[in-house]
Amino acid sequence: MLSPQQCTRIVESEELTVRNSLRKLAVAAGAATAAVALAAPAATAGVAAPQWVVGPNSPETFSASATGVVLNLNGIPMTCSSSAAQGSLASAAGSTNVTVGTIAPLTFSGCTSPFGAVSPVTDTTPAWQLKANTQVAGSGVTNGAITGVDATLTVLTCTFRVTGSVVATYTNSTGKLAVSNNATYKLTVVSVSPGCAGIAAIGNNPTFTASYGAVTPIGGTVKPSITYVP
Amino acid sequence: MKRIQGAGVRRRTARGAAVAAAVLMGGMIPSAQAAPGVLEIDADLAYTCDLPSGEQPVKAGVRARVAEAVRAGHAVQPEDVVTEVTLPEGVVTELTAAGAATVSAETRLTVDLAQNGGHAEAEWVGAGAESAPVPETGGLTLNTSGGVPYVKPGAPGDLSFAAAGLSVVLTPRTAEGAPAEPRSLALECVLDADQGASLATVGVAADEEDGTGSEPSPSASLPGGTAEWGDTGRPEVGKRAEEPAAADAPPCVGDPDDPFNMVAYVTGYANVTKLDGATRFPVACGQITQGETRPDFSDPGYMHMYQDSTVVLDYQGKPQLPPAEGTFLTFGFMPTTATLEMTQIPPGTRDDGSLTPNVKSDLAIKMSDFSSRNTTVITLDLMLRLHDVEVNGVPLDVGDDCRTSKPFTLTLNGLGTYGADGVLDGYTLGQGGPVTGSVTLPPFSGCGVDEDLDNLFTASLSGSPGYVKQVQGAPCAAAQGDRAVCTPENQPVDVPKAAR
C-alpha cells in the first residue's frame, strides 16, 4: 500500500512523461483515481482513517537493548557497552508524526571516552516518544523519530546536557530499532559546565547512533510490529 | 634440565656485560655473572610501527634473564629486562622537525605466554633511564628497563615466552629541556611476519612438594602483576599477583565550589636509587585543577585535544606524599631503613594567578575511525627528607634536616589507547591508570648531628636513575557530584592498589 503522499508524488512524476506513452497514460489514470480516493478519505463515507497499527497486541509493553552505542561530540567518541530501554507501544490514528510508543526508562552503561569514563544520566520524565512518519507499503520498515530526548553526560569536570530528537527506523522482520541523526532530527547541547571549554559548547550537535533489539512484552521473545494502514 | 629454544635465546655472551650495565642504570643490583640454570634472553626483532607520518621499520632488542626450569606452582620471574629500540632515520627526522634535542622512551612489549595449548599475555613495561641526544643524521637506539610480571604455571609442561605487539612512547625535549611539540610521539608496532618471535622456553616440572614457599617475594623483585595459570591449566589472563591491600586512604576531599577541581588517589612503587628492591609509597592524595581543553586540527587526519592541568599533592594539607618506609644499603652492604618524606615544590603561578600546569595531556583522535591515543606527562618537582634512620637495626640520628641538597624532577608518563571499538586501555587523567618514569636523586645535605653523614646517603642513594611506577585512581570532580566516582564526602571512590 502507498501512503497518500507517495501516491501524489507518483502522479506528479508520471504526468511528466504521460504525453509519450499511452500505456503510461492508462497507468497514471488508474493511479490518479486511487490517489483521489485516498487523499480525501474523510469526505468519503465508509473509508477508515489512516492509522499506524502496532502488533501483535495494542497496547503492549516492550523492552529493547543495544550494544555498541556511540555518541560523537565534535569528533570525540563516547561509547557505551550497552543501553537498555523499556516502554509501551499502541496503535494510533494519523499518517505522519504519529506517536506509536513511549520510552521510559532508558539507561546507558559501560560508557567511556578517550578522556575516561563518561556518566550519562537520562531524563525520561516526560517519556521520550517514538514517532512514525512513513512506511513503504509492504516493507515493514517504519521511518520515524524519537523525540523528547534529554540526557546529561559527565566526563572529567565537564557536564553537559543534550536535548532534542533522533532519527528512528524500526524494522518489523528483525525487531531492530536503528537510531541515527539528520538535519531534522538532531540533538543539541543546551547547557555546559565551565570544565567543558574546548570539549562541548552550547549549540553543538552531537550524533547518536545505536541499534536496539526490541521484544514484547518486557523481557519477552516476540518482535513487535508497526504497520501503516492507509 | 636445560631447555634452550627459540631464535632469541642463547647462553650468556659478551653482550651480558652491556646488559648488566644497562640494568645497573635501572637501579637494580644484578649478580655479576649469570647463575647456572639461567636462560639468557637475547632476541632481535623487526617491527613495523604506525606513526602519524606513515609506517616505519623499527628494530627491537629484548634482553632478560629467566630461570631455565621451575616446578609447577612456582613463579617464573624474568629479571634484568631491557628493551632496546632502534629508530630509523625517518623517525629521527620527525623528532628533529619537532625541535627535539633529546628524547626519552617508554616501551610496552606484549609477551605471549603459552603452555600446554593455553595462552596468556604479559606486558613488559620499560622506561628509559635518561634522555638520549637526537642525532642529526642516522638512526637512534634507546634503552628502556623496568620490572615485569612474573608467571606462575600451574601444571607441568614447557612454558614459552614469545614477543608480540610493541608500543613505544617517545618524549622529545628541546635543547633547553622544555617539552617539544608534539610533546610525545606514539608508535604502535606490529611484529613483522616471517621471523621467530620466541624469547624463551622454560621447562616446568611436576611439583613434588606442595608448591609453596619458593615464589620470589614481592619486595625482592619487581613484578608488575602476574599472569597465572589456574588448576584447570587454562591461563587466567591479567590476574594480578598478591598485591598488598590498599592501606587506609588518607582524607582527600574535593572542592564542590570549584568547577575545575578533581581529587584522585595515587600509589605505587619507586626504586629510590640504588635501592635493593622497591619502596611502596602509601596511598596519597592529589588535588587536580583541570585545565582548558584546546582542540587542534593542524595534524592532518587527526584532532588533537591538548589539556594542561595542575596536580598538587595533599597530605594533611601539605604538598607531600604520606611518609614511606624505605630500605637500602649503606656502604653497599649494611641494611638501612629510613622514613622517606617526599615533599612537592608546588607549581608556580602564572600572570593570571592560575597555577603553572604540570600535567600535560595530548589526546590524538584519528578522525577516520575515532580511535585515539592519550599521552600524558606529569612533572613533579620534589624534595626528599630522611628521618628515623636505622642502620642494621641501630638508630642513627640524622637530624631534622637530612634532605636532598636541591629539588629534583620526577617525570611520569602515561599512555592511554582508545580503540575504534570504544575500549579505553591504559592511563588517562579522567580514568586513572599506571604512569611510569624515572628519577635521579641529587646529593644529600644537612644529614647528621654529631658528624656529617651527607656522603653516606649520597653514596647510597644519589646519582643513578631509579624506576618509578605509580597508579592513579579515577578522579572525583566534586562539583559534578557523580556518585560513581565521588563519595558523599566528595572523596574519590576509587582507591588504587600499587602495581609493580
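No lab work stands behind these numbers, since they all come straight from the coordinates. Small disclaimer: the values here were computed from a predicted structure and weren't measured. FYI the Cβ positions are ideal-geometry reconstructions off the backbone, even for glycines, and counts take in every protein chain you see.
Table for the structure above
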item: Exposure proxy order (Cβ contacts within 10 Å, fewest to most) of A:Lys131, B:Lys366; result: B:Lys366, A:Lys131
item: Exposure proxy ranking, count of Cβ atoms within 10 Å, fewest first, for A:Ser139, A:Ser165; result: A:Ser139, A:Ser165
item: Low-density loop cleavage sites - trypsin sites (Lys or Arg not before Pro) in region B:401-494, where at most 15 other Cβ are within 10 Å (DSSP); result: B:Arg483
item: Local electrostatic count at A:Pro224 - Lys and Arg +1, Asp and Glu -1, tallied over other residues with Cβ under 14 Å; result: +1
item: Highest to lowest packing among B:157-163, B:189-195, B:111-117, scored as the average C-beta count within 10 Å; result: B:157-163, B:111-117, B:189-195
item: Residue pairs, from the table B:Lys366/B:Lys497; B:Lys152/B:Lys318; B:Lys360/B:Lys406; B:Lys318/B:Lys497; B:Lys59/B:Lys497; B:Lys318/B:Lys366, whose Cα atoms sit over 30 Å apart; result: B:Lys366/B:Lys497; B:Lys152/B:Lys318; B:Lys59/B:Lys497; B:Lys318/B:Lys366
item: Net charge over other residues, Cβ less than 12 angstrom from the Cβ of A:Ala104 (K, R count +1; D, E count -1); result: -2
